Each structure stands twice: as structure tokens, then as C-alpha cells.
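A.B. asks: Quick one: the structure is below, questions incoming.
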Amino acid sequence: MDLTNQMPIATKSSKFDISKESLTASLAKKFSKIFKKGDIIFLYGEIGVGKTTFVKYLINNLQKQKKISLTEVTSPTFSLLNEYKIKNLTIHHFDLFRIKDVNETENIGLFENYKDILTLIEWPEKIINKPKKIYELYFNYNHRSEKRFISIYKNRLKFNEV
């Protein structure tokens, strides 16, 4: 599928600038029209780089599209999973930060019924057996310039090459 008309053009480094929260919101809005039931999205990046903020705007935009009330979207750091129902779409938002033993990820239902769910996973580096068909969002923070960037891949290819 050609997404060139739906996505902003990436720089030569294939990074999208999300230094301002409004840029994060804009990018999440664009992805709210692309992500669908059955998609698995891995969100990589250190604490505070914008992963949960992106998820918040993504979910709230999906709620706006379906004309339902916006809900508070928080990080599931302590519960491991927050579930959102948006009409016929169920979203599972996992945060694996507190997982100490990578074998624990095998028993929490990450990919159960994934074809019926939009799955968002923060800290996916803790997963041993990863599916091949995924979106990977890499959030980076340049501490010196206080700039934030996101690089996006689909099925291990840079998103702007898909």
C-alpha cells in the first residue's frame, strides 16, 4: 500500500521531528488512520521520550473518529496492560518496563487474539519471540539539543520505503 500521500515526508535520515508535543499529536493523528485491528506496534525508547504521549494522542484520535468521549490514557507501567474499547476496536496497551525476567512475557497474553486487537507495546525489547509483521517506532532524545525524533519501520523496513 502506498502511504506517501498520507504521511509527511521524512528527512534523509528517515526521522520525524517530535520535539514539540503538537508534532507528536500530529503524527499520532496520521497513524490513527493507518493502524488497524490486527496490527502490532512496538514502541522503543528511554523513559520520558514520548512513547505514552504518542499512544495517548493515537487512542484519543481513534475515539474522535468514532465520535465517542475521550478517555484518559495513562501508562500501564504498574498494571502491565490498559485496555480500551472504541466501538468494534479493542486496543491493548502494554508496558513491559517492570518485567524483570524475559520469560514472563510468554505468559501475559501479548499476542493472544492479536488479529482482533490493535496491540501497542512499550519496552518490546523484553520479548523473546517477536512476530515478523510489526510496526516499530523508535523514539530518540538528543539530550544536548533537547530534540526528540521518531524513526518508523514496518516489517523491518523504513516506513518511507514501504
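A.B. asks: For each pair in K67/K130; K66/K147; K33/K147; K15/K100; K51/K133, compute the distance between the two Cα atoms and list the pairs where it is over 24 Å.
C.D. replies: K67/K130; K66/K147; K33/K147; K15/K100
A.B. asks: Same structure, new question: Cut-off under 13 Å on the C-alpha distance; same-chain residues fewer than 8 positions from K85 excluded. Which aspartates and glutamates are left, in chain and number order?
C.D. replies: Qualifying aspartates and glutamates at Cα under 13 Å: E72, D116.
A.B. asks: Under 5 Å between amide hydrogens, which residues at least 5 positions from T71 or on another chain qualify, with H placed 1.01 Å from N in the peptide plane?
C.D. replies: Result for T71 returns nothing.
A.B. asks: Something else now. Please report, as a whole percent, how much of the solvent-accessible surface of the chain comes from carbon and sulfur atoms (probe radius 1.4 Å).
C.D. replies: Here carbon and sulfur together make up 49 percent of the probe-accessible area.
A.B. asks: Percentage of Cα-Cα pair distances in segment 89-146 greater than 16 Å, rounded to whole percent?
C.D. replies: Result: 49 percent of Cα pairs exceed 16 Å.
A.B. asks: Given [x] 85, 52, 31; [y] 40, 37, 30; [z] 43, 36, 31 as candidate values of Cα extents along the principal axes in Å, which corresponds to the one derived from the coordinates?
C.D. replies: Only one option fits the structure, namely [y].
A.B. asks: Would you work out if segment 25-107 is rounded, prolate or oblate? Take a ≥ b ≥ c from the square roots of the eigenvalues of the alpha-carbon gyration tensor; rounded if a/c is under 1.5, else prolate when a/b is larger than b/c, oblate otherwise.
C.D. replies: prolate
A.B. asks: At a probe radius of 1.4 Å, what is the per-residue accessible area of S22, in Å² to the nearest 10?
C.D. replies: S22 exposes around 80 Å² with every protein chain in place.
A.B. asks: Return the calculated 222 nm mean residue ellipticity for the chain, to the nearest 500 deg cm²/dmol, obtained by summing -39500 (n - 2.57) across DSSP H runs with n ≥ 4 and dividing by the residue count.
C.D. replies: Rounded to the nearest 500, it is -5000 deg cm²/dmol.
The values are calculated or read from the model by the stated rules, or taken from the named source; none is laboratory data. This structure is a prediction, so every number in the text was calculated from the model and none was measured. To get the accessible areas, we keep the full protein, side chains included, count just its heavy atoms, and leave off ligands, DNA and RNA. Shrake-Rupley method; radii C 1.70, N 1.55, O 1.52, S 1.80 Å.
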